[in-house]
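Just below is one structure, and these are the notes that go with it.
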Amino acid sequence: MKSSPHRPSIELLFKRGLGSAEIARRLQISSSTVRNVVAAIKKRGDASEVKKSGRPRSVNTRNTRAIIKKRIIRNDGLSLNRMASQLGIALSTVQSIVKNDLKLKSYKLRRGQYLSDKSKAMRLEKCRKITPALSSAPRL
């Protein structure tokens, strides 16, 4: 989650003695954001961002996600396997970026039979001929 760009102004207004609700009203932002920043000021003394714990992302970065998004927009028929090999990253990483980060659904378009109006009418006629016979047959 991104940090609020209002952190410095929230910190300044808080140090001037304004309450959280008044700061939220003046800056027209949610009061929960103001409360979180104020809590950080009370705890650490300033509103600067704290270094996150855990292993940093090495492949699934903002830059990689942007490259994949641009390639999909440019050519949505490109296979994810080919894209992964071109970028030099794992297929599963590309798949998770497409599914989880870009919120897209990956599928291969399958071609099926084309039904003309004439063939649809024939199917309906044959179905109606079969249906009475099926209704009189004993059920198992």
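Observations
- Counting the residues of region 48-65 that are polar (S, T, N, Q), loosely packed, with under 10 Cβ neighbours inside 10 Å and under 30 Å from residue 9 (Cβ atoms) gives 2.
This table checks each residue for (1) more than 30 Å from residue 13 (Cα to Cα); (2) surrounded by 14 or more Cβ atoms within 10 Å (Cβ to Cβ).
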site: 46; (1), (2): no, no
site: 67; (1), (2): yes, yes
site: 70; (1), (2): yes, no
site: 80; (1), (2): yes, yes
site: 92; (1), (2): yes, no
site: 98; (1), (2): yes, yes
site: 108; (1), (2): yes, no
site: 114; (1), (2): yes, no
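- Inspection of region 124-140 identifies no residue that is at pLDDT 80 or above, assigned to a helix (DSSP H, G or I) and either in contact with a strand residue (DSSP E or B) (Cβ under 8 Å, 6 or more places away or on another chain) or of a type in the set (Gly, Ala, Ser) (or both).
- Whenever a residue of region 70-87 is within 16 Å of residue 105 (Cα to Cα), its partners that are at pLDDT below 90 and surrounded by fewer than 17 Cβ atoms within 10 Å (Cβ to Cβ), lying with C-beta atoms within less than 9 angstrom and at least six residues away or across chains, give the pairs 71/78; 72/78; 77/109; 79/108; 80/106.
- Residues of region 26-44 satisfying the condition of being exposed (fewer than 10 other Cβ atoms within 10 Å of the Cβ) and either in contact with a His (Cβ under 6 Å, 6 or more places away or on another chain) or on the phi > 0 side of the Ramachandran plot (or both): 28
The values are calculated or read from the model by the stated rules, or taken from the named source; none is laboratory data. Remember, predicted model here, so these are calculated numbers, not experimental data. Cβ coordinates were reconstructed from backbone atoms using ideal geometry, including for glycine residues, and neighbour counts include every protein chain displayed.
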